[in-house]
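Below is one structure, written out as structure tokens; comments come after it.
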Amino acid sequence: MTKKAEQGRTEGRAEERAEVGIKERTARQRMAKFFVAGPPLVFLTVFFVVPSLIMIATSFRFPGEFGGLAPIAAPVVSAHVSQGLEYGFTLEAYQFFFSDILYAKIFLKSFAVAAATTLICLVMAYPLALLISRSKKHLRNLMVLLVVLPFASNFLIRIYAWMIILGPESGLSYFINAVLGALGITPITLLFSPFAVLVGMVYVHLPFMVLPLYTNLEKHDPALLDAAQDLGATRWQRFWRVTWPLSLPGVFSGAALVFIPVLGMFAVPDILGGTGDILIGNLIKDQFLGTRDWPFGSVLAIMLTLAVLAIAGLAAWFARSAVGQRAT
Amino acid sequence: MSIRASARTHLGAILLFLLPALILFTTGCARQDESEAVPGRGENVLHLFNWNNYIAPETVRHFEKFCNCKLSQDYYSDNEEMLAKLAAGATGYDLIVPTGNAMDTLIRQGALRPLDKSLLPNLRNINPAYLETVFDPGNKYSVPYAYTLTLLGFNEEKIRELELPTDTWAIIFEPKYLKKIKGRVTVLDSQRELMAAALKYLGYSVNDTDEEHWKQAAELIVRAKPYWAAFSNTSYIKELAVGNLWLAHGYSNDMFQAALDAKKTGRGFTIGYSTPREGAVLALDSMVLQRSGNRPDLAHQFINFMLEGRNSAELTNLIGSGNPNMDAMQYIRPEIANNKAIFPDPELLARLEMLRDLDRKQRRSLSRLWTEIKLR
């Protein structure tokens, strides 16, 4: 998109319209905008909005006897239909969700895991992103390549690799337990634990934190740091008062890219988790497969979507106020 | 960058995340369309919807030669997945190999085509003990293919060393045994299977739906849970074979695989397996004809072919599956045929039960109980 187009978009349409001479050009620009933005918009409408609507409709139905959904209208009586089958619309699944504190607990737990993962990713990714952004140009590209390199192999294979690394017969386990043994502490198991789940989550999502941070940090003007130094700022002050506030938009987009997928993740706790590691993603998956309760699964998914939207809104709001602060 | 634009990029980034899911979704649809489009009447192709690794490669070759046709397979790894795919509209399979309760669902949905037994002379080879199941009285729709037992697999040396019993569910539920093998045990990550084991141990039927009995079973599970390493549906195969696990609740086919792997890699221990004396879950997989299949003729040919002992035995020799075919016994390798865990004696056979489907209310309350168990 041209610089002009970006300006036109941000400065508002009233001004655009006021400029009589370039009216025709604006119309053309709008056409161009449509051609650029149209296909993804249509795609998302069809494949995001429509399924979401279906999901909402599903949440108000009764589950079918064999999975799927019970019919909306009274079925024609036949031998296949068991007695007393319910049909039509209902709030039953929502009632079930709110009738038990259990489901709120699972949400809380999933949010805690997502928050912990995000925090750990941030702490690990920030120095790395800073290092990459301050390296020489040819090194930078190589380092970014290294960050995304794990994507070259399949996600499940990488998680399975952690099973070996954390397994009780692994070198890592032996080493840790040897150290603990020397200190007189009983040996621990790494695999099948909340710790293993967290390791897996952080490992998978780390690049999603590094990349937005790097794109943000790379754009910082080094002159700002020089100016701060000239004004007597220490190293720490230069980071805390200049670099960190400027990087906040990157921090928030990285946080959103980590937090949201972790909330819905079910494969990592399935593979690396122990007997208590159930997250909201596992519960939703189970409603559609094992339990075959689509309406309740839809209710859980809707609640998760609402929570995710709330968080995304919150992140956007934080980013905005961070940017606003910088402007004043 | 302006405020609005940055908010937009946030939204954009979030939406970007949904793309892979959508792509997966659409390719999933495309595959179904394909399976719908391919089986033309003129073509000599039999479409089989089967479990992963549930037919020997040589059997496929022999059958293709025998019928002068092609065998095209799609796979599933559990019944729910198969039912979900069919519920989503997958059609055009001539044959499916569901387990009893899933077959029950398919029958009641009216999704199956009745068999023409005049085309199946080899049906006499099947052990009558595996015919006339509650799911399909009179075998109108189904012919038994193979079966699995849900049992206990263990590291023989370790368990003997610790002097633990292997013929009872007590070993996975009683703290007095479990404390010796803490963190070295996994149980199936399946609501029905684990509840079935607990119910059997308490002396109830695996199909008991009494809320009070469920609660007792759940308490038993919660009490034993701290000693288990994890709920595991597949990884126990590898973990048993490399020696990380000493005991696992799992399927007989998988234990057969684990024993084979441990032997191949020369780990210095053996993996044994046994069926608890309280009884266990028997999962009988049967061949059924989908109503929307285009080649019932080839499907009948396939069923009759698989009922020949020699062909049926090939699968058992490959994966250690239980075999309901009496004629097959002579072709099965003796170390498998003599394995009491795979071929139980009549007394134990009488104590095996098949899981029946729960109704939707029971499913929902079992799911809640299960979530509670996991969170505790």
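Values in this text are rule-based calculations from the coordinates and carry no lab data. The shown structure was predicted, so the numbers you read here are calculated from the model rather than taken from an experiment. Neighbour counts are summed over all protein chains in view; Cβ atoms, including those assigned to glycine, are modelled from backbone coordinates with ideal geometry.
Consider all pairwise Cα distances in chain B and report the whole-number % of them above 25 Å.
60
Across every pair of different alpha-carbon atoms, what Kirkwood hydrodynamic radius in Å does the stretch A:100-327 reach?
Kirkwood radius, the stretch A:100-327: 20.0 Å.
Answer rounded, prolate or oblate for the stretch A:165-273, using the Cα gyration tensor with square roots of eigenvalues a ≥ b ≥ c: rounded when a/c is under 1.5, else prolate when a/b is larger than b/c, else oblate.
Oblate, because a/c is 1.5 or more while a/b does not exceed b/c.
Between B:Arg356 and A:Lys105, what FRET efficiency follows from the Cβ-Cβ distance if R0 is 30 Å, with the result rounded to 0.05?
0.45
So what's the net charge close to B:Phe269: Lys and Arg +1, Asp and Glu -1, counting the other residues with Cβ under 11 Å from its Cβ?
+1
By the scheme Lys and Arg +1, Asp and Glu -1, what is the net charge of all other residues having a beta-carbon under 10 Å from that of B:Lys70?
Local charge sum for B:Lys70: -2.
Across peptide A:308-317, how many C-beta atoms of other chains are within 10 Å of each residue C-beta, on average?
3
Between B:Leu119 and A:Phe60, what is the label-to-label distance in nm when each label sits 7 Å out along the Cα-to-Cβ direction?
Distance between label points: 4.7 nm.
For B:Lys70, enumerate residues with amide H under 5 Å from its amide H, sequence gap 5+ or separate chain, H modeled in the peptide plane.
Result for B:Lys70 returns B:Val45, B:Leu46.
In whole Å, what is the distance between the alpha-carbon centres of the stretch A:127-204 and the stretch B:180-259?
The stretch A:127-204 and the stretch B:180-259 have Cα centres separated by 30 Å.
Counting partner chain Cβ atoms within 10 Å of every residue's Cβ in A:249-258, what's the average?
Taking the mean over all residues of the peptide, I get 2.
Under 1.5 on a/c is rounded, so check that first for the stretch B:286-376, then, if it is not, pick prolate when a/b is larger than b/c and oblate when it is not; a ≥ b ≥ c are the square roots of the alpha carbon gyration tensor eigenvalues.
It is oblate, given that a/c is not under 1.5 and a/b is not larger than b/c.
Which cross-chain or sequence-distant (5 or more) residues have an amide H under 5 Å from the amide H of B:Ala146, H modelled 1.01 Å from N in plane?
Under 5 Å from the amide H of B:Ala146 lie the amide H atoms of B:Asp285, each far enough along the sequence or on another chain.
Give the long-range amide H neighbours of A:Gly274: residues separated by 5 or more places, or on another chain, with amide H under 5 Å away, using H modelled in the peptide plane at 1.01 Å from N.
A:Ser193
Please list 3J(HN,Hα) in residue order for the stretch B:330-344, calculated via the Karplus relation 6.51 cos²θ - 1.76 cosθ + 1.60 where θ = phi - 60°; whole Hz, with x for glycine and proline.
Once rounded to whole Hz, the list reads 5, 9, 7, 4, x, 5, 8, 4, 8, 6, 5, 6, 8, 10, x.
Ordered by packing density, taken as the mean number of other Cβ atoms within 10 Å over each peptide's residues, highest first, how do B:185-198, A:57-70, A:180-193 rank?
Most protected by this proxy first, the peptides run B:185-198, A:57-70, A:180-193.
When the Cα centres of the stretch A:234-310 and the stretch B:293-352 are compared, how far apart do they sit, in Å?
47
Provide the net charge surrounding B:Glu278, with neighbours chosen by a C-beta distance below 14 Å and charges set as Lys +1, Arg +1, Asp -1, Glu -1.
-2
Give the aspartates and glutamates whose C-alpha is closer than 15 Å to that of B:Lys158, dropping any in the same chain fewer than 8 places away, or say none.
The reachable aspartates and glutamates, counting only those whose Cα sits under 15 Å from B:Lys158, are B:Glu239.
Which of B:Lys200/B:Lys374; A:Lys109/B:Lys225; A:Lys109/B:Lys361; A:Lys109/B:Lys264; B:Lys176/B:Lys215 have a Cα-Cα distance over 31 Å?
Checking Cα-Cα distances, A:Lys109/B:Lys264 exceed 31 Å.
Tell me, what ³J(HN,Hα) does each residue in the stretch B:317-323 have, in order and in whole Hz, if you take phi through Karplus 6.51 cos²θ - 1.76 cosθ + 1.60 with θ = phi - 60° and put x for Gly and Pro?
Along the stretch B:317-323, the couplings run 5, 7, 10, x, 6, x, 10 Hz.
With θ taken as phi - 60° and the coefficients 6.51, -1.76 and 1.60, list the Karplus ³J(HN,Hα) couplings across the stretch A:268-278 in order, rounded to whole Hz; mark glycine and proline as x.
Karplus-based 3J(HN,Hα) across the stretch A:268-278 equals 5, x, 4, 8, 9, x, x, 6, x, 8, 10 Hz.
Using a Förster distance of 41 Å, how high is the FRET efficiency between A:Ser321 and A:Gln95, based on the Cβ-Cβ distance and rounded to 0.05?
Computed FRET efficiency for A:Ser321 and A:Gln95: 0.60.
Once a ≥ b ≥ c are taken as the square roots of the eigenvalues of the Cα gyration tensor of the stretch B:148-220, is the result rounded (a/c under 1.5), prolate (a/b larger than b/c) or oblate (a/b not larger than b/c)?
Judged from the Cα gyration tensor, the stretch B:148-220 comes out prolate (a/c at least 1.5, a/b above b/c).
Can you pull the mean other chain C-beta count within 10 Å for peptide B:249-261?
Partner Cβ neighbours, averaged per residue: 0.
For B:Lys340, which aspartates and glutamates qualify as cross-link partners when the Cα separation must be under 17 Å and same-chain residues fewer than eight apart are set aside?
B:Glu156, B:Asp167, B:Asp254, B:Glu278, B:Glu353
Taking R0 as 56 Å, what FRET efficiency do you get between A:Ala115 and B:Asn304 from their Cβ-Cβ distance, rounded to the nearest 0.05?
0.40
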